[in-house]
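Below: the structure, in structure tokens.
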Amino acid sequence: MKIVKKILIGIVGLVALLLIVALFVKGEYSVVKEVTINKPKQDVFNYIKILRNQDHFSVWNMKDPNAKMETKGTDGTVGAISSWDSDNKEVGKGEQEIKKIVDGERVDMELRFKKPFEATDQAFFTTETEGTGTKVKWGFNGKMPYPMNLMCLFMDMEKMLGPDLQKGLDNLKVELEK
């Protein structure tokens, strides 16, 4: 009986320690990637502000060609919502909404994931002239609430999201430079 009691005290102590550590762990993350496309800035911007165009370059949109996709509102304008629903766990279910557009400069989107987990993150595209082309940045900003932020100690969001963001931008470059 004493052994069981010691084990239970040890487990409770470990859980308490983890909860205390989580108080000091940063829960926010940000991942930004970029590519330069040999096209005029306004042409690139007009393409990336259309949510449905992500079907042609986003790695996540390409993971399940059979996913149910739907767009509400006028695509490419504030308030437009693109939703997806897939049985593929890497795709899941969710939606993104255009929250703000600064013409020729920036598109801000809110991503609302529903399956396989619930989360709300922010994403953006920016464009700027670089030489004779356009530098495009694609970024994600998110937050893991307490005590889930403890997972940030073990998960490198840059390594998890960065390669897919970069591949998507590389796909975008190929698509627009055809």
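Spelling out what I want: for every residue of the range 117-125, take phi, set θ = phi - 60°, compute 6.51 cos²θ - 1.76 cosθ + 1.60 (Karplus), and round to whole Hz; glycine and proline get x.
Per-residue couplings from phi come out as 9, 9, 6, 10, 10, 10, 9, 7, 10 Hz.
Putting +1 on Lys and Arg Cβ atoms and -1 on Asp and Glu Cβ atoms, find which of GLY131, PHE57, MET160 reaches farthest to the positive end of the dipole of the chain.
Value computed over the given set: MET160.
Explain nothing, just the number: dipole magnitude of the range 27-176 about its Cα centre with +1 on each Lys and Arg Cβ and -1 on each Asp and Glu Cβ, in debye rounded to the nearest 20.
Rounded to the nearest 20 debye, it is 60 debye.
How large is ³J(HN,Hα), in whole Hz, for each residue of the range 7-20 in order, when computed from phi with the Karplus curve 6.51 cos²θ - 1.76 cosθ + 1.60 and θ = phi - 60°, using x for Gly and Pro?
Karplus values, whole Hz, x for Gly and Pro: 5, 4, 4, x, 5, 4, x, 5, 4, 4, 4, 4, 5, 5.
Could you give each residue of the range 91-97 its phi-based ³J(HN,Hα) in whole Hz, using Karplus coefficients 6.51, -1.76, 1.60 with θ = phi - 60°, and x for Gly or Pro?
Once θ is set to phi - 60°, the couplings for the range 91-97 become 9, x, 9, x, 7, 10, 10 Hz.
So for the range 27-176, Kirkwood radius off the Cα pairs, Stokes-Einstein at 25 °C and 0.890 mPa s: how many µm² s⁻¹?
155
Can you tell me the Rg and Dmax of the range 1-84, counting just the alpha carbons, in angstroms?
Just the Cα atoms of the range 1-84 yield Rg and Dmax of 24.1, 75 Å.
FYI, it's all coordinate maths here, none of it is from the lab. Just so you know, these numbers come straight off a predicted model, no measurement behind them. Cβ sites come from the backbone with ideal geometry, for glycine too, and all protein chains shown count toward neighbours.
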